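What follows is one structure encoded as structure tokens, with my remarks underneath.
Just so it is clear, none of the values below were taken in a lab; they were calculated from the coordinates. It should be emphasised that the depicted structure is a prediction, and the values quoted were computed from it without experimental measurement. Glycine also receives a Cβ, built like all others from the backbone with ideal geometry; neighbour counts cover every protein chain displayed.
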Amino acid sequence: MGGTAVEQPISAPFAAALDEVTGVVMPEGAAGCRRLSAMAELFLDTASARERAAHDDLVVYSSSAAPVPAAEGHVGFGQTRIEPGDVAGELFMTHGHAHVRRDGEAYIGQRGEGGILLAKDSEVVWVPMAPGVVGYIPPGWRHRSVNTGATPFVFISVYPALSGQDYDVVRREGLGARVLRTADGYRVVTDAGDVVHEGSAEERG
Ligand code: S6P
Ligand code: ZN
């Protein structure tokens with residue numbers, strides 16, 4: 001990942017610079033990336049993901065957070081950059097999680113095109129994202145971001161610093177839907193086969 005990590009979280013007021021091309025936040029606290037090999041079983045076609053990862057273990061997405069203390073009252077923020085691409089038609093995405101604490105979160109589109117897939121109980125919602133669009137994730141919703149475009153999709157996230165991420169719930173239950181490439185755009189299809197959203201080629205950039 002990008003910059004020089006700050007060892008100690010910063011409690012004093014500070015300004016951070018967000019590089020909308022690389023997705024790196026400076027000063028930078030926690031940062032990392034997820035490669036295809038670490039995400040294979042999240043894709044519907046796990047075998048294709050594994051096969052591709054075996055000879056080209058691509059970075060699917062990377063994230064960079066400001067060094068805000070993980071303590072009561074603090075507001076964390078960072079950027080995520082999802083690369084363009086797909087596995088057997090399923091568009092590149094983040095792992096996805098629910099918050100450990102019942103906190104909401106806001107995503108702000110920076111660059112490229114994408115969306116947030118949200119699930120709670122049997123409900124599935126797709127929130128399209130683009131530069132200047134703010135997507136709101138209410139408390140209790142599992143959420144995953146997806147790049148629907150042909151260029152990197154970069155967005156800012158802002159969240160209570162103590163909200164935490166539960167990844168296991170997504171490994172167990174998924175997001176209730178998948179985002180699939182079509183001839184002229186993309187389609188959000190629930191696990192039961194219902195189409196939640198049809199996205200156009202323009203939307204995909
Ligand atoms: C944290 C927030 C984002 C994600 C990031 C990567 O609450 O939602 O910063 O952590 O987009 O996604 P994931 O699913 O790997 O945490
Ligand atoms: Zn979150």
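Only four residue types carry charge here, +1 at the Cβ of Lys and Arg and -1 at the Cβ of Asp and Glu. Report the dipole size of the chain about the Cα centre in Debye, rounded to the nearest 20. Before the final figure, lay out the partial values.
Working: 17 positive and 27 negative charges, 40 e Å.
It works out to roughly 200 debye.
Regarding region 80-157, what whole-number volume in Å³ per residue does the convex hull of its Cα atoms give? List each step's numbers first, then the result.
Details: hull volume 6.4 nm³, N = 78.
Taking the convex hull of the Cα positions in region 80-157, it is 83 Å³ per residue.
Determine the equivalent ellipsoid of region 106-204 by diagonalising the alpha-carbon gyration tensor, then write out the semi-axes as square roots of 5 times the eigenvalues, largest first, rounded to whole Å.
Working: eigenvalues 91, 70, 20 Å².
Listed largest to smallest, the semi-axes of region 106-204 are 21, 19, 10 Å.
With springs only between Cα atoms under 10 Å, which of Ala119, Ala66, Ala47 fluctuates most in a Gaussian network model of the chain?
Of the options given, Ala47 has the highest mean-square fluctuation.
Given the options His99, His55, His74, state which has the largest fluctuation in a GNM of the chain using a 10 Å cut-off (strictly under) for Cα springs.
Checking each option, the largest mean-square fluctuation is seen for His55.
Report the dimensions of region 1-134 along its three principal axes from the alpha-carbon atoms, largest first, rounded to Å.
In descending order, the Cα extents are 48, 36, 28 Å.
Loop sites only, by DSSP: take the chymotrypsin sites (Phe, Trp or Tyr not before Pro) in the chain that have at most 16 other C-beta atoms within 10 Å and name the longest stretch containing none of them.
Values: sites that count: Phe14, Tyr167.
The longest such stretch corresponds to 15-166.
When the Karplus curve 6.51 cos²θ - 1.76 cosθ + 1.60 is applied with θ = phi - 60°, which whole-Hz ³J(HN,Hα) does each residue of region 168-177 get, with x for Gly and Pro?
Karplus values, whole Hz, x for Gly and Pro: 4, 4, 6, 4, 7, 10, x, 10, x, 6.
What list of ³J(HN,Hα) values in whole Hz, one per residue of region 52-66 in order, does the Karplus curve 6.51 cos²θ - 1.76 cosθ + 1.60 (θ = phi - 60°) give from phi, with Gly and Pro shown as x?
Result, ordered by residue: 5, 4, 5, 10, 8, 7, 4, 6, 8, 7, 9, 9, 8, 10, 5 Hz.
Where in region 48-129 are there trypsin sites (Lys or Arg not before Pro) that are in a DSSP coil and have at most 13 other Cβ atoms within 10 angstrom of their Cβ? Could you put the intermediate results ahead of the total?
Numbers: sites: Arg50, Arg52, Arg81, Arg101, Arg102, Arg111, Lys120; in loops: Arg101, Arg102.
Loop-located and lightly packed - Arg101, Arg102.
Suppose we keep just the DSSP beta bridges with both residues in region 106-188; what percent of those would be antiparallel, to 5? Don't skip to the end; give the middle numbers.
Values: 25 of 25 bridges.
Taking every DSSP beta bridge with both residues in region 106-188, the antiparallel ones total about 100 percent.
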